[in-house]
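Single-structure report; data block below.
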Amino acid sequence: MRILYLSSLLFTISIFLFSQKSEASTIVDTTNTYSYEEMVADIKLLQKTYPDLIQYESIGKSEFNRDIMAIKVGKGEETTLINGSHHAREWLSTMIVMEMIESYAKAYNSNSLVGSYYAKDMLDEISISFVPMVNPDGVTLQQRGLEAFPKSHHAKLLAMNGGKRDFTRWKANAMGIDLNRQYPANWNSPTEEKKPSYMGYKGIRPFQAKEVIALRDFTFKIKPKISVAYHTSGRVLYWHFHNKKINYARDFRLADQFSKTTGYRLMKPETNPTGKGYTDWFIQQFGLPGFTPELSYSVGERHVPVAVFPEEWNRNKTIGLWLLAESYDLKYPTKNIKPFQESVTVAENVYAYSKPSFLGRKNEKVNATQTTQAFENYGNWYHIETALGKRWVYLPYELKTFPERTFLDVAKSQWAFTSIKNMKDLGWMNGISATHFGVNNGLTREQLAVILVRALKLPIQIPEQPSFDDIPTTHWAYSAIETAKANQLMNGVNPTTFGKGRTVTREQIAAILARISKKTPTTNEANPFNDVDATHWAYQEILLMKELGIFKGVNGAFNPGEKLTRGQLAGVLDTLNRDYPEFFVYLNNEEAEEEVPAP
């Protein structure tokens with residue numbers, strides 16, 4: 001009986017522990033040696049777990065054909081790049097990077113803070129890129145030894161390791177090139193190692209190693225505003241490599257904050273630094289902030305014990321998001337803030353900010369369903385009135401509505417706002433969806449036919465046989481197109497083809513509107529616009545539209561072949577309806593006989 005009770009108790013405890021672990025849903029194991037294979041498997045599982053937030057790719061192959069993986073976390077442009085394990089024995093840096101990826105994704109999904117940083121807002125707007133293991137061959141050799149490599153290469157590996165079969169001290173890639181000595185910054189400074197070795201050999205030329213080429217090309221591809229290359233050990237922070245005087249104050253401020261956050265000692269600038277490292281190259285190449293933090297207390301020529309991970313994670317857990325916020329301000333240093341006199345309804349509780357910057361978050365929230373006045377706007381940032389005064393809030397598409405708008409994509413400040421609203425109210429033009437008008441979208445010929453037939457209230461024509469080969473009787477706009485043709489509003493691009501899907505141009509709409517008006521110009525102005533003269537096929541029609549004040553041109557040009565946008569058509573029809581209401585009594589028809597399909 002006692003044994004049965006004990007078994008039941010152990011079973012209950014095991015269920016409790018399992019449920020606790022499941023609740024945490026940890027993917028990255030930070031309690032044991034972290035291998036290349038484990039990293040690749042975790043990356044794939046993280047992407048599967050957070051498919052809308054995480055993407056990954058191979059940016060190249062190592063010397064022994066292992067993938068060099070890059071992970072993007074976020075939905076916007078990549079503004080920060082963090083890498084780890086340039087050096088084989090420094091794989092604790094990979095664990096730190098992978099833990100960042102998972103922790104930030106968790107915080108995004110749970111709408112929670114990491115320190116004082118709100119991952120959800122940041123990762124909706126911008127992204128961090130990670131290259132967790134620059135040197136997968138070296139890490140694998142350091143952890144598993146010769147067995148992980150072809151026998152044909154064993155003798156070379158042993159020679160580069162001084163004959164030792166223990167590869168604990170190994171830093172280089174599997175060809176004996178020290179990857180963090182492979183960059184061209186101060187390339188000609190002397191180095192101790194003159195041949196391939198377990199550490200220190202720079203190679204025969206910059207960017208020789210495949211791994212470094214891959215990271216270089218990726219850096220050029222995404223053009224981050226800030227980079228970090230994690231290393232071990234010593235708890236120090238390198239940040240300076242011939243930084244330009246104009247950037248010194250900026251870079252020192254960031255380095256000082258990095259040092260205060262992690263507790264790592266800030267290294268003083270050297271007159272003659274060794275160089276050749278990734279951070280040295282990044283600073284020199286881009287003139288932007290780059291950092292090399294050395295994780296853990298000093299351990300000598302070996303890997304850092306895994307037991308130190310919790311301490312190092314605690315020191316570094318906010319670094320990625322902090323630098324992401326800083327990189328956003330570096331990318332957009334002068335924000336084009338515009339006046340915005342419009343009401344906004346907030347769909348969820350959101351954090352308030354003192355400025356349109358992720359560094360400006362306040363310990364305040366704006367409550368959901370609150371409709372309030374907005375005064376200024378920058379991208380997804382809105383300066384609104386709250387119970388606590390004016391605050392900035394970050395509102396991506398799904399978190400905001402505009403009660404005064406007919407369509408979400410047509411702001412009150414939009415030049416065609418009133419015209420679009422009038423078109424909607426008259427039933428002449430609908431949106432491209434229930435919520436969006438598509439103000440800058442082009443207009444197809446079939447859409448124009450539907451709009452004109454509806455506006456002119458023409459009796460619907462539905463012949464049994466189609467007039468055009470590309471508009472069968474089953475086409476959604478068949479009746480409108482046949483009606484437009486029967487009333488001589490629109491013909492085909494040739495006798496048998498209507499021109500389905502073709503965009504209407506400004507010269508074409510001028511010709512169609514002139515035909516509807518049944519008017520002719522009262523003058524013979526030779527050049528109504530500087531790009532339209534009497535030889536133009538639609539000269540008379542364009543001249544008439546100018547006389548009527550329908551088209552005014554831009555800087556003296558009409559741009560006849562330019563596409564007509566939906567917003568422009570709304571403006572044209574609204575002007576005609578206001579100034580020439582008789583225009584829309586084309587056949588003295590008061591009502592259309594049938595409903596015309598929506599464009």
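The values are calculated or read from the model by the stated rules, or taken from the named source; none is laboratory data. Just so it is clear, the structure is predicted and the values come from calculations on it, not from any experiment. Cβ placement follows ideal geometry from the backbone for every residue including glycine, while neighbour counts extend to all protein chains displayed. Ligands, DNA and RNA are stripped out before the accessible areas are found, and what is left, the full protein with its side chains, is counted by its heavy atoms. Shrake-Rupley method; radii C 1.70, N 1.55, O 1.52, S 1.80 Å.
Can you tell me what share of the DSSP beta bridges in the chain is antiparallel? A percent to the nearest 5 is fine. Walk me through the numbers before you get to the answer.
Numbers: 43 of 59 bridges.
Percentage antiparallel, nearest 5: 75.
Under the rule of -39500 (n - 2.57) per DSSP H run of 4 or more residues, summed and divided by the residues of the chain, what mean residue ellipticity at 222 nm is obtained, to the nearest 500 deg cm²/dmol? Don't jump to the answer; show the numbers that get you there.
Numbers: 17 runs with 206 residues, N = 599.
Roughly -10500 deg cm²/dmol at 222 nm, from the helical runs in the chain.
Whole number in Å², please: accessible area per residue of segment 364-429, 1.4 Å probe, ligands, DNA and RNA not counted. Working shown, then result.
Numbers: 3090 Å² over 66 residues.
Ligands and nucleic acids excluded, the result is 47 Å² per residue.
Once the dipole of the chain is set up with Lys and Arg at +1 and Asp and Glu at -1 on Cβ about the Cα centre, which of 118, 542, 417 lies farthest towards its positive end?
So the residue furthest toward the plus end is 118.
Could you point to the residue in 523, 305, 212 farthest towards the positive end of the chain's charge dipole, with +1 and -1 charges on the Cβ of Lys/Arg and Asp/Glu respectively?
Projecting each Cα onto the dipole axis, the largest value belongs to 305.
Looking at segment 460-599, what % of the alpha carbon pairs are farther apart than 21 Å? Kindly include the intermediate steps, with their values, before the conclusion.
Values: 4718 of 9730 pairs.
Everything past 21 Å amounts to 48 percent.
Over all alpha-carbon pairs in segment 233-327, figure out the percentage whose distance exceeds 23 Å. Intermediate values should be presented prior to the final figure.
Details: 1160 of 4465 pairs.
Percentage above 23 Å: 26.
How do 531, 280, 166 stack up against each other in accessible area, from largest to smallest, with a 1.4 angstrom probe?
Working: 531 60, 280 30, 166 95 Å².
Result of the area sort, largest leading: 166, 531, 280.
In straight Cα distance, which lysines are under 22 Å from residue 225, not counting same-chain residues fewer than 8 positions off?
Within reach: 72, 75, 120, 244, 245, 260, 276, 317, 331, 335, 355.
Percent of alpha carbon pairs in segment 523-570 separated by more than 15 Å?
Numbers: 465 of 1128 pairs.
Taking all Cα-Cα pairs of segment 523-570, the fraction more than 15 Å apart is 41 percent.
From Cα pairs below 8 angstrom and at least 6 apart in sequence, can you work out the relative contact order of segment 162-280, rounded to a whole percent?
Numbers: 138 pairs, mean separation 36.0, N = 119.
For segment 162-280, the relative contact order is 30 percent.
What net charge do the residues around residue 379 carry, taking every other residue with its C-beta under 9 Å from that of residue 379, with Lys and Arg at +1 and Asp and Glu at -1? It would help to have the intermediate numbers written out before the result.
Details: positive: 335; negative: 125.
Residues near residue 379 contribute 0 overall.
I want the local charge near residue 549. Using Cβ-Cβ distances under 15 Å, sum +1 for each Lys or Arg and -1 for each Asp or Glu among the other residues. Each step should come with its number before you reach the end.
On the way: positive: 519, 546, 552, 578; negative: 525, 541, 547, 574, 579.
Every neighbour counted, the sum reads -1.
Going from most exposed to least, what order do 415, 392 have by accessible area with a 1.4 Å probe? The partial results should precede the final answer.
Details: 415 165, 392 15 Å².
So, going from the largest accessible area down, we get 415, 392.
In debye, nearest 20: dipole of segment 93-251 around its Cα centre with unit charges on the Cβ of K, R (+) and D, E (-)? Intermediate values should be presented prior to the final figure.
Values: 23 positive and 14 negative charges, 133 e Å.
Value, rounded to 20: 640 debye.
Once you have the Kirkwood Rh of segment 259-315 from its Cα pairs, apply Stokes-Einstein at 37 °C and 0.692 mPa s and quote D in µm²/s.
Details: Rh = 13.6 Å.
Taking Rh from Cα pairs, D becomes 242 µm²/s.
For the chain, with only Lys/Arg (+1) and Asp/Glu (-1) charged at the beta-carbon, what is the dipole magnitude about the Cα centre, in debye rounded to 20? Let's see the in-between values first.
Details: 69 positive and 64 negative charges, 501 e Å.
Using only the charged Cβ atoms, the result is roughly 2400 debye.
Going from most exposed to least, what order do 476, 313, 428 have by accessible area with a 1.4 Å probe? Provide the component values of the computation, followed by the final result.
Working: 476 105, 313 40, 428 20 Å².
Descending accessible area places them as 476, 313, 428.
Keeping every protein chain present and rolling a 1.4 Å probe, give me the accessible area per residue for segment 129-233 in Å².
Details: 4210 Å² over 105 residues.
About 40 Å² of surface per residue is accessible.
Calculate the translational D of the chain in whole µm² s⁻¹ from Stokes-Einstein, where the hydrodynamic radius comes from the Kirkwood formula applied to all Cα pairs, the temperature is 20 °C and the viscosity 1.002 mPa s.
This corresponds to a translational diffusion coefficient of 73 µm²/s.
Residue 205: accessible area at probe 1.4 Å, nearest 10 Å²?
About 120 Å², ignoring ligands and nucleic acids.
Normalised by the residues of segment 338-398, what does the relative contact order come to in percent, with Cα pairs under 8 Å and at least six apart? Walk me through the intermediate numbers first.
Working: 129 pairs, mean separation 21.8, N = 61.
Relative contact order, segment 338-398: 36 percent.
Please give the net charge around residue 175, taking every other residue with its beta carbon less than 14 angstrom from that of residue 175, where Lys and Arg add +1 and Asp and Glu add -1.
Summing Lys/Arg as +1 and Asp/Glu as -1 gives +4.
Among the aspartates and glutamates, which have Cα under 19 Å from the Cα of residue 400 when same-chain residues fewer than 8 positions away are ignored?
Answer for residue 400, where 19 Å is the Cα cut-off: 121, 124, 125, 342, 348, 364, 376, 385, 409, listed by chain and number.
Can you pull the percent of the chain's accessible area that's carbon plus sulfur, 1.4 Å probe, other chains left in place? Let's see the in-between values first.
Working: 13570 of 27330 Å².
So the carbon and sulfur contribution to the accessible surface is 50 percent.
In whole Å, how far is the Cα centre of segment 374-409 from that of segment 315-362?
13 Å
For residue 563, give me every one of the aspartates and glutamates with a C-alpha distance below 16 angstrom, ignoring sequence neighbours fewer than eight places off in its own chain.
446, 507, 531
Once you keep just the Cα pairs under 8 angstrom separated by 6 or more residues, what percentage relative contact order results for the chain? All intermediate terms of the calculation are to be shown ahead of the outcome.
Working: 1110 pairs, mean separation 59.9, N = 599.
Computed over the chain, the figure is 10 percent.
Could you give the semi-axes, largest first, of the ellipsoid that matches segment 287-374, computed as the square roots of 5 times the alpha carbon gyration tensor eigenvalues and rounded to whole Å? Please report the intermediate quantities before stating the final value.
On the way: eigenvalues 328, 69, 10 Å².
So the three semi-axes of segment 287-374 are 40, 19, 7 Å.
Whole angstrom only: what separates the Cα centroid of segment 237-291 from the Cα centroid of segment 144-193?
Each part's Cα centre sits 27 Å from the other's.
Taking the convex hull of the Cα atoms, report for segment 37-151 its projected area averaged over all directions, in nm².
Directional mean of the projected Cα hull area for segment 37-151 stands at 7.2 nm².
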